[in-house]
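Following: one structure in structure tokens, then a few remarks.
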Amino acid sequence: MYKRILILSASVGNGHTIAAESLKQAFEATGLAAEVRHEDVLNFTNPLFRRLYGKAYIDLVNRAPELLGWMYDQLDEPWKNEKRRLFFDKLNTQPLIKMIREWGPDWIVCTHFLPSEIVSDLKASGKLDCPQAIVVTDFDMHALWLCRNYEHYFVALDETRAYLEMLGFPPEKITVSGIPIAPLFSEKKSKSAMREKYGLAPDLPTVILSLGGFGVGRMDTLLGALRSIRRPVQILAMCGRNEELKTQLEAAASPDDIVRIIPVGYTKAMDEYMTASDLIVGKPGGLTTCEALAKCLVFVIVNPIPGQEERNSDNLLENGAAIRSNNPATLAYKIERLLDDPARLKQMQQNALPSPLPGRVLLLILQTNSGKSVPRSCKYWT
């Protein structure tokens with residue numbers, strides 16, 4: 001048994017944090033460690049750096065996604081500006097470094113590239129003698145995830161494994177594990193039982209609509225497009241903590257609507273709502289996508305963020321688990337066409353391969369692996 005396992009994430013969006021919490025639950029369930037601690041590394045930085053890493057990212061998503069996509073592509077070159085970036089990050093994360101060294105973990109698991117490169121540098125300088133595992137929380141692996149001093153990588157796809165091997169990373173230090181999701185998404189539940197539980201029609205096609213990533217204007221356009229579907233369908237509009245939106249949708253609902261929009265507020269039962277559904281409409285973030293795949297939902301991709309969500313979209317489309325609507329005017333048509341072809345819908349649902357239980361492979365590796373750093377012969381080593 002290990003005494004302490006430290007899981008480090010960064011609250012840039014929700015995915016990295018949710019993955020970290022899922023891993024924490026998995027570790028605690030096994031009793032592998034006496035103490036498991038999860039920390040958001042941005043809580044150990046100064047306010048300006050925190051705003052740059054967190055708020056600025058969200059601002060770019062909402063106001064200048066094209067710029068965000070350009071930056072994503074420009075930085076996707078192995079080891080580009082590594083020393084400059086590391087100097088800047090170390091300068092602004094001294095409280096994080098202090099916490100790590102004082103707490104003295106037996107293992108560190110990172111679900112974001114910021115802490116992984118800090119830990120790597122501490123290991124390289126001899127200031128930390130602690131193995132680390134890196135869990136990549138998107139399907140495609142951006143170059144910022146590349147790390148020199150680590151014990152194991154956990155990635156979502158065989159393609160990502162091939163990318164790392166092409167760069168010279170040892171195959172024995174890479175595991176294709178999927179992206180960690182909460183254990184409850186892997187639980188088998190009855191679709192009919194979940195529809196009955198939440199007052200849904202048992203025989204109507206059900207669409208879950210993830211509204212979290214859309215601004216007000218785009219949200220109205222999206223809902224308007226869905227209302228134009230010409231066949232009976234029920235849509236679970238997941239409003240999250242947006243009570244104003246939930247109230248507006250409730251007021252606009254009519255029992256005579258052919259498209260029944262059912263607003264749902266903040267809930268911890270997303271797995272059950274997904275179980276009740278056939279399709280999901282939204283933006284393909286890494287965690288949302290894996291949760292949907294675990295429930296064998298077909299993804300209807302709308303407005304993916306340039307960069308990682310575009311690449312997640314590519315993977316879903318290549319594997320026949322999604323359709324994409326680039327124009328709100330055709331969204332209803334595309335959904336109607338899919339629902340009118342049950343054989344195609346069933347095949348696409350079968351193409352949605354569930355993610356593994358979170359931490360299953362990870363725990364095994366932590367028990368047995370004693371890996372080494374990236375060799376000096378690693379391609380693109382500078």
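Every number here is computed from the coordinates shown, using simple stated rules; none is lab data. Since the structure is predicted, the reported quantities are computational estimates derived from the model, not experimental observations. So basically every Cβ, Gly included, is an ideal-geometry build from the backbone, and we count neighbours across all protein chains shown.
What size of dipole, in debye to the nearest 20, comes out for the stretch 184-351 about its Cα centre when the only charges are +1 on Lys and Arg C-beta atoms and -1 on Asp and Glu C-beta atoms?
180 debye
Relative to the longest principal axis of the chain, what angle (0 to 90°, nearest 10) does the C-alpha long axis of helix 216-227 take?
Tilt relative to the chain: about 50 degrees.
Among the listed pairs 189/283; 24/246; 3/283, which have their C-alpha atoms separated by more than 28 angstrom in this model?
In this structure, 24/246; 3/283 exceed 28 Å between Cα atoms.
Pick out which of 146, 60, 114 has the largest mean-square fluctuation in a Gaussian network model of the chain, springs linking Cα atoms closer than 10 Å.
60
Can you tell me which of 133, 64, 294 moves the most in a GNM of the chain? Springs connect C-alpha atoms under 10 Å apart.
Taking springs between Cα atoms under 10 Å, the residue moving most is 64.
Based only on other Cβ atoms within 10 Å, what is the fewest-to-most ordering of 148, 84?
Ordered from fewest to most neighbouring Cβ atoms within 10 Å, 148, 84 come out as 84, 148.
From a point 7 Å beyond the Cα of residue 329 in the direction of its Cβ, which residues of the stretch 293-308 have a backbone N at a distance under 14 Å?
The answer is none.
Provide the packing ranking of 310-317, 43-50, i.e. peptides ordered by the mean count of other C-beta atoms within 10 Å per residue, highest first.
The packing order, highest mean first, is 310-317, 43-50.
Among 191/334; 55/123; 55/197; 55/98; 55/127, which pairs are too far apart, with a Cα-Cα distance over 28 Å?
Violating the 28 Å Cα-Cα cut-off are 55/123; 55/197; 55/127.
How would you rank 24-37, 170-183, highest first, on the average number of other Cβ atoms within 10 Å across their residues?
Taking the mean over residues of other Cβ atoms within 10 Å, the ranking is 170-183, 24-37.
Per residue of the chain, what 222 nm ellipticity follows from adding -39500 (n - 2.57) for every DSSP H run with n ≥ 4, rounded to the nearest 500?
After summing the helix terms and dividing by the residues of the chain, the value is -12000 deg cm²/dmol.
Tell me, what ³J(HN,Hα) does each residue in the stretch 191-201 have, in order and in whole Hz, if you take phi through Karplus 6.51 cos²θ - 1.76 cosθ + 1.60 with θ = phi - 60° and put x for Gly and Pro?
Values, residue by residue: 4, 5, 5, 5, 5, 5, 4, 9, x, 9, 4 Hz.
Taking H placed 1.01 Å from N in the peptide plane, check which residues at least 5 places from residue 324 or on another chain put their amide H under 5 Å from its amide H.
301
If amide H atoms are built 1.01 Å from N in the plane of the peptide, which residues on other chains or at least 5 residues away come under 5 Å of the amide H of residue 208?
Amide H to amide H, under 5 Å and 5 or more residues apart or across chains, residue 208 pairs with 236, 278, 279, 280, 281.
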